[in-house]
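Read the structure below first, then the notes.
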Amino acid sequence: MKNYFRIHLFLLLKSFLVFAFCTLFLNISNLYPCTSAVISGKITPDGRPLLWKNRDTSDPNNKVVFLKGEKYSFIGVINSTDMNALHVWQGINSQGFAIMNTNSTDLSTGPGTGGQNGIFMKRALGECADVAEFEELLNRTNGQRNVATNYGVIDASGRACFFETRNDSFVKYDANNPKDAPQGFIARTNFAFSAPKKNQGGGYIRHERDLHILEEAAAKKRVTHRFILQEAARDLINAKLHSDPYKQVRRTSFENPLYINTSDTINRNSTVSVSVFHGAPSPEKAFLATMWVLLGQPVTSVAVPLWVHAQGVPEEMTGENTAPMNDLARQIVSFLYDDSRGHMGQYMNVTKLLKYGRKGILDTLYKIENDVLAETEAKLDVWSKGNPKASDMLDFEKRITSRVYRAIRQSFPGILRD
């Protein structure tokens with residue numbers, strides 16, 4: 001009888017531990033949904049590829065760092081709490097090779113899979129000059145890595161691909177190949193087309209919206225880094241509800257505001273940064289590859305341009321602990337998500353976003369960002385005719401970023417604290 005109870009107790013305990021472990025794994029996995037796209041230069045006005053990621057995670061503090069890898073220097077986005085910068089979540093190196101990822105649990109080979117998604121990207125940035133070398137790295141590490149993810153990559157030669165990657169294998173999708181990308185782009189959220197089991201993973205609503213936005217833009221020949229930053233990355237429309245808060249908000253007031261649930265929109269309540277990589281025109285001009293970075297939820301911040309060739313990152317984008325630019329965005333997020341009861345933290349006050357201070361928060365940020373885009377375009381045109389010094393590029397980064405930081409602070413005195 002004692003043995004019976006011992007065996008029964010053992011089985012119960014085993015079942016509980018398995019359930020707890022699997023639940024923890026699923027919860028952790030669901031904390032890292034992202035929205036992304038790889039875009040061929042065939043459909044961009046300047047013929048240069050684009051790479052985009054809206055990063056979603058439970059850690060709201062992101063920053064940008066400059067690092068030196070085994071072969072190449074690079075800049076990348078990390079969690080501010082990652083003091084040793086072990087995990088890089090999107091970045092670009094000195095050769096014009098850029099990489100980002102979206103978590104894809106349907107590629108998992110078991111609980112705990114995917115723990116090295118960011119570690120592997122850091123390695124790739126330090127070792128790989130182009131997409132071909134990244135594919136070689138994947139082949140060499142089959143069976144030796146711990147990942148479950150969709151890696152998006154571009155390089156200075158115009159290659160643009162997704163690699164749906166497991167521990168021991170991967171499947172390549174080429175944005176320049178009409179069979180893989182008939183419209184010249186590939187969108188990914190948090191499921192993989194090559195997954196062993198179909199209809200698993202997540203992000204299906206965001207993927208549907210992602211496709212729709214890019215299809216419309218491609219048809220009108222307006223797929224640019226500006227379009228992605230200002231429209232795609234900040235999109236607030238739920239693809240299933242067909243809701244358009246930009247139209248609905250007209251009939252609202254601060255006394256009777258419009259709230260929307262942003263759990264299934266591209267600009268999500270868990271989006272903490274945006275990176276748009278504007279590829280180099282050629283390997284010889286790899287220094288022109290630009291990483292546009294927006295720290296914070298997209299509708300609460302402004303994108304600034306960064307270059308590896310500058311050999312550094314402005315203080316506002318990195319900081320000793322947290323990035324000052326990210327700190328501003330978090331305060332605006334708190335202002336927009338103003339009801340903390342229960343699940344209300346998922347709901348944004350759109351009336352505040354579009355009507356605050358008459359002009360609205362978003363339009364004010366657009367005005368600041370439009371100036372940055374215009375000035376950067378002019379400067380890149382000058383740099384394309386020569387070989388700019390690293391110090392000149394760093395000075396430009398610092399000047400632009402400092403101006404943006406001051407402009408945001410001055411624009412929202414009633415929201416931002418010292």
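Gain in length, residue 109 to residue 133, computed as 0.36 nm per residue apart minus the alpha-carbon separation, to one decimal in nm?
Numbers: separation 24, 0.36 × 24 = 8.64 nm, distance 2.51 nm.
Fully extending the segment from residue 109 to residue 133 adds 6.1 nm.
Report the Rg/Rh value for the range 210-345, based on alpha-carbon coordinates and the Kirkwood definition of Rh.
My calculation puts Rg/Rh at 1.02.
Note down the relative contact order for the range 32-411 as a percent, whole number, built from C-alpha pairs under 8 angstrom at least six residues apart.
So the answer I get is 18 percent.
List the longest stretch of the chain that has no exposed loop site; here a site is one of the GluC sites (Glu not before Pro) assigned by DSSP to anything other than H, G, I, E or B, with at most 16 other Cβ within 10 Å.
On the way: sites that count: 70, 255, 320.
Here the longest run is 71-254.
Going through the range 103-200, which trypsin sites (Lys or Arg not before Pro) have at most 16 other Cβ atoms within 10 Å and a DSSP loop state?
179, 197, 198
Cross-link list 63/122; 122/389; 42/71; 53/352; 285/367; 220/359: which exceed 19 angstrom alpha carbon to alpha carbon? Let's see the in-between values first.
Details: 63/122 15 Å; 122/389 26 Å; 42/71 30 Å; 53/352 26 Å; 285/367 30 Å; 220/359 28 Å.
With Cα atoms farther than 19 Å apart: 122/389; 42/71; 53/352; 285/367; 220/359.
Given axes a ≥ b ≥ c from the Cα gyration tensor, I'd like to know whether the chain is rounded (a/c under 1.5), prolate (a/b larger than b/c) or oblate.
oblate
Given the DSSP H assignment, sum -39500 (n - 2.57) over each helix run of at least 4 residues in the chain and divide by its residue total; what's the result at 222 nm in deg cm²/dmol, nearest 500?
The helix-only estimate for the chain comes to -10500 deg cm²/dmol at 222 nm.
What is the distance, in nm, between label points placed 7 Å from the Cα along the Cα-to-Cβ direction at residue 370 and at residue 410?
It works out to 1.8 nm between the two label points.
If a helix is a whole DSSP H run, which ones in the chain reach 27 Å or further along their own axis (Cα) and hold a mean Kyte-Doolittle hydropathy of at least -0.5?
The answer, listed by residue number, is 2-29, 361-383.
So how many Å³ per residue does the convex hull of the Cα atoms of the range 246-290 work out to?
143
Equivalent ellipsoid semi-axes for the range 312-418, as square roots of 5 times the alpha carbon gyration tensor eigenvalues: give them largest first, rounded to whole Å.
Output for the range 312-418: semi-axes of 32, 16, 11 Å.
Among the trypsin sites (Lys or Arg not before Pro) in the range 289-365, which ones are in a DSSP loop with at most 10 other Cβ atoms within 10 Å of the Cβ? Mind listing them?
Within the range 289-365, the qualifying trypsin sites (Lys or Arg not before Pro) (loop, at most 10 other Cβ atoms within 10 Å) are 341, 358.
None of the figures in this text is laboratory data; all of them are computed from the coordinates on show. The model shown is predicted, which means the values in this text are computed figures rather than measured ones. All Cβ positions, glycine included, derive from the backbone under ideal geometry; neighbour counts span all protein chains shown.
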